[in-house]
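The values are calculated or read from the model by the stated rules, or taken from the named source; none is laboratory data. Because the structure is a prediction, the values reported are computed rather than measured. Every residue, glycine as well, gets a Cβ built from its backbone with ideal geometry; the counts of neighbours run over all protein chains shown.
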Amino acid sequence: MHDDTLSIGIIGAGIMGERLLSAILDQSPPLVKVSGVWDPAPSAMERMATTFPQVPRLTDAAAIIAASDCVYIASPPASHLGHARAALAAGRSVFCEKPLAVDVADARAFVAEAGERGAVNFPFASSLAVATLMGWIAQGAVGTASRITVEVSWQADAAAWLDGRQQGGFTREVVSHFLFLSRRLLGPLHGLSARAAFPETGTSERAIEARLMAGDIPVDLTGSVGTNLDAGRRPGCGAALRLVGRRAPPARRHMGARRRCAVAGGVAPDRAQAPDRGGGSAHAWPATSPRDPR
């Protein structure tokens with residue numbers, strides 16, 4: 001490089017790669033620049049040429065790594081660590097979409113290898129709604145946290161690559177947001193007891209139940225494919241975290257952070273709702289649908 005602007009190369013031109021690319025191009029003044037984008041799918045590269053003609057379209061992952069200071073990895077989960085390790089070996093830093101990997105032991109090994117040169121993207125934990133929720137906690141509006149409940153519903157017709165067991169299914173794709181948020185709110189996660197149902201050959205899990213601790217606070221998690229968490233909304237496409245707090249008995253406050261799928265390719269802003277006397281909830285809508293390929 002000939003200046004101090006950080007160059008970021010993007011591997012994976014699906015909705016997440018496109019979102020980061022748009023954010024980089026919208027900066028003023030620019031703090032980072034795009035060195036290039038690559039995706040193995042010709043259709044994705046054609047879309048990049050039409051939507052972002054000013055961005056270099058490179059020939060493969062190796063070319064992205066060679067041209068960049070930092071490599072953003074937005075490919076399907078099973079490919080994450082291969083690209084990430086190649087970037088580290090070339091002396092680059094890594095910014096990876098979640099989940100980091102589909103194997104826990106391999107993920108932990110990579111974390112040890114990467115040190116401070118690696119990071120994982122959990123945008124929900126930094127959303128406006130969650131920032132509002134954390135503000136309520138700091139102000140004492142929640143009282144003393146007593147438990148967290150997480151409910152997840154996943155649409156049955158999600159992208160084919162995501163619904164295969166190799167890529168990790170909806171638990172890694174959606175629940176990871178809420179577990180990361182639970183850790184940020186209340187402390188390290190531990191004491192996991194869980195079960196998952198795989199009734200259909202060749203597909204990801206169809207139901208999960210888990211109990212774990214975030215610091216000293218219990219976290220209860222349930223999830224399934226095709227159920228409807230919110231009456232009147234699209235079935236099988238939603239997730240919600242509820243933090244329950246205690247004041248002096250018998251008063252109790254319920255504060256929630258909710259995350260709901262938008263329609264395919266749709267975009268909606270983060271939104272927060274202040275609590276009333278009986279409690280309240282913060283709502284956050286991600287800008288993408290699981291129907292979209294990464």
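Residues are listed down the side, and each one gets a yes or a no for (1) under 30 Å from residue 21 (Cβ atoms); (2) at pLDDT 50 or above; (3) touching a helix residue (DSSP H, G or I) at 6+ places or on another chain (Cβ under 9 Å):
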site	(1), (2), (3)
178	yes, yes, yes
190	no, yes, no
199	no, yes, no
219	no, yes, yes
276	no, no, no
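Of the conditions (1) within 18 Å of residue 17 (Cβ to Cβ); (2) in contact (Cβ under 8 Å) with a residue 60 or more places away in the chain, residue 137 fails just one. Which one is it?
Residue 137 satisfies every listed condition except (1).
Please give the helices (runs of 4 or more DSSP H) falling wholly within the stretch 1-72 in which 2 or more residues are farther than 19 Å from residue 84 by Cα.
Values: elements: 15-25, 42-51, 61-67.
Output list reads 15-25, 42-51.
Only one residue in 86, 63, 90, 44 is of a type in the set (A, V, I, L, M, F, W, C), closer than 19 Å to residue 118 by Cβ, touching a residue at least 24 places away in the same chain (Cβ under 8 Å) and surrounded by 14 or more Cβ atoms within 10 Å (Cβ to Cβ), so which one is that?
Sole residue among the options that is of a type in the set (A, V, I, L, M, F, W, C), closer than 19 Å to residue 118 by Cβ, touching a residue at least 24 places away in the same chain (Cβ under 8 Å) and surrounded by 14 or more Cβ atoms within 10 Å (Cβ to Cβ): 86.
Which count do you get for residues in the stretch 100-114 that are of a type outside the set (D, E, K, R) and surrounded by fewer than 18 Cβ atoms within 10 Å (Cβ to Cβ)?
Within the stretch 100-114, the first condition is being of a type outside the set (D, E, K, R), and the residues that meet it are 100-102, 104-105, 107, 109-112, 114.
With surrounded by fewer than 18 Cβ atoms within 10 Å (Cβ to Cβ) added as a condition, the list becomes 104-105, 107, 109, 111-112.
Of the residues in that region, 6 qualify.
Looking at (1) touching a helix residue (DSSP H, G or I) at 6+ places or on another chain (Cβ under 7 Å); (2) more than 29 Å from residue 4 (Cβ to Cβ), can you tell me which one residue 104 breaks?
Of (1) touching a helix residue (DSSP H, G or I) at 6+ places or on another chain (Cβ under 7 Å); (2) more than 29 Å from residue 4 (Cβ to Cβ), only one is false for residue 104: (1).
Of the residues 74, 107, only one is of a type in the set (A, V, I, L, M) and out of contact with any Asp or Glu (no Cβ under 9 Å at 6 or more places or on another chain); which? Lay out the reasoning, then the answer.
Numbers: 74 fails: out of contact with any Asp or Glu (no Cβ under 9 Å at 6 or more places or on another chain).
After ruling out the rest, the residue left standing is 107.
Just to be sure I understand, how many residues within the stretch 126-150 are crowded, with 19+ Cβ neighbours inside 10 Å, under 18 Å from residue 238 (Cβ atoms) and at pLDDT 80 or above?
Total meeting the criteria: 5.
Just a yes or no: is a residue in the stretch 28-39 touching a residue at least 40 places away in the same chain (Cβ under 8 Å), within 22 Å of the chain's Cα centre (by Cα) and within 21 Å of residue 97 (Cα to Cα)? Don't jump to the end; show me each part of the working.
Kept after step one, since they are touching a residue at least 40 places away in the same chain (Cβ under 8 Å), are these residues of the stretch 28-39: none.
No, because not a single residue in the stretch 28-39 is touching a residue at least 40 places away in the same chain (Cβ under 8 Å), within 22 Å of the chain's Cα centre (by Cα) and within 21 Å of residue 97 (Cα to Cα).
Within the stretch 124-140, is even one residue under 25 Å from residue 13 (Cβ atoms) and more than 17 Å from the chain's Cα centre (by Cα)?
no
Please verify whether residue 185 is touching a residue at least 60 places away in the same chain (Cβ under 8 Å) and either touching a Phe, Trp or Tyr at 6+ places or on another chain (Cβ under 6 Å) or in a helix (DSSP H, G or I) (or both), treating the condition exactly as stated. I'd like the intermediate steps shown before the answer.
On the way: touching a residue at least 60 places away in the same chain (Cβ under 8 Å): no; either touching a Phe, Trp or Tyr at 6+ places or on another chain (Cβ under 6 Å) or in a helix (DSSP H, G or I) (or both): yes.
No, not satisfied.
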